[in-house]
Amino acid sequence: MDSILISPKTDKELKYVLELLHSLEIEAKKISEKDRDDFELAQLLKNVDASGIVREETQAINLTDAQRKLLELSEEEMAGKTVVPEKAIQVEEDEWLNK
């Protein structure tokens with residue numbers, strides 16, 4: 001059977017969700033943030049192409065100074081901004097058109 005992974009925002013939410021699940025007789029297990037991150041990384045790695053073939057869009061790209069500055073911005077400075085490389089958009093469009 002499938003499972004769910006819940007990431008509450010506060011300790012209070014965590015305690016509430018665990019109590020609710022236990023009261024419904026649903027097995028629940030608390031895991032550390034590190035274990036959750038490891039699980040999410042493992043899920044991402046499942047989707048990696050391990051064929052050894054380097055696709056064109058995964059090759060290194062030389063960045064301009066403006067692009068480097070953008071990458072150095074903090075999370076707070078990037079809040080609300082969406083950054084999508086033009087090449088990624090073109091690759092996704094090409095893949096969609098070739099389906």
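The values are calculated or read from the model by the stated rules, or taken from the named source; none is laboratory data. Here the structure is a predicted model, which means the values were calculated and not measured. Because the Cβ atoms are built from the backbone with ideal geometry, glycine has one as well, and the counts that use them run over all protein chains shown.
With respect to the stated conditions, LEU5 is part of a loop (DSSP other than H, G, I, E, B) and either loosely packed, with under 10 Cβ neighbours inside 10 Å or at pLDDT below 90 (or both). At pLDDT 85 or above and either touching a Ser or Thr at 6+ places or on another chain (Cβ under 6 Å) or assigned to a helix (DSSP H, G or I) (or both), is that true of ASP94? The answer is no for ASP94.
Just for helices (runs of 4 or more DSSP H) wholly inside region 13-86: which have at least 1 residues that are modelled with pLDDT of 75 or more, of a type in the set (D, E, K, R) and in contact with a Leu (Cβ under 8 Å, 6 or more places away or on another chain)?
Values: elements: 33-46, 65-71, 75-78.
Per the criteria, 33-46.
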